[in-house]
């Protein structure tokens, strides 16, 4: 019986310890690096992990395909990308049914746009 209680306590402590694994909450002093954003190295991984489930070439929900540089650039240049990921009024909040992107990810996308949406 004591072994079961001990195992239960360990499992509970493990689950509680893992409940706040958001990097920005764990390390608030880490500065978001946004200088010289690269489409391939910085932006594409964010889009792939947060947007492609619904907006790749095979699943272009709402007629929106963000796969490939040109597809993403269109929505970056017309302001729809930032409006949706910032959850601004008048825009559909994305990713839909999921939490807003981390503020650093949003800052990186905004910096990439401000730097000319380069294909680098």
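Some notes on this structure:
- Residues within segment 75-86 that are touching a residue at least 40 places away in the same chain (Cβ under 8 Å) and either in contact with a strand residue (DSSP E or B) (Cβ under 6 Å, 6 or more places away or on another chain) or surrounded by 13 or more Cβ atoms within 10 Å (Cβ to Cβ) (or both), tallied: 1
- Residue in segment 50-59 that is outside any helix (DSSP H, G or I), at pLDDT 95 or above and surrounded by 14 or more Cβ atoms within 10 Å (Cβ to Cβ) present: yes
- Residues within segment 60-74 that are assigned to a helix (DSSP H, G or I) and crowded, with 19+ Cβ neighbours inside 10 Å, tallied: 1
- When residues of segment 87-120 are limited to those that are assigned to a loop (DSSP other than H, G, I, E, B) and touching a residue at least 60 places away in the same chain (Cβ under 8 Å), the one surrounded by the most Cβ atoms within 10 Å (Cβ to Cβ): 117
The values are calculated or read from the model by the stated rules, or taken from the named source; none is laboratory data. The structure presented is a predicted model; accordingly, all values stated were derived computationally and were not measured. Methodologically, a virtual Cβ is constructed for each residue, glycine included, from the backbone with ideal geometry; neighbour enumeration extends over all protein chains shown.
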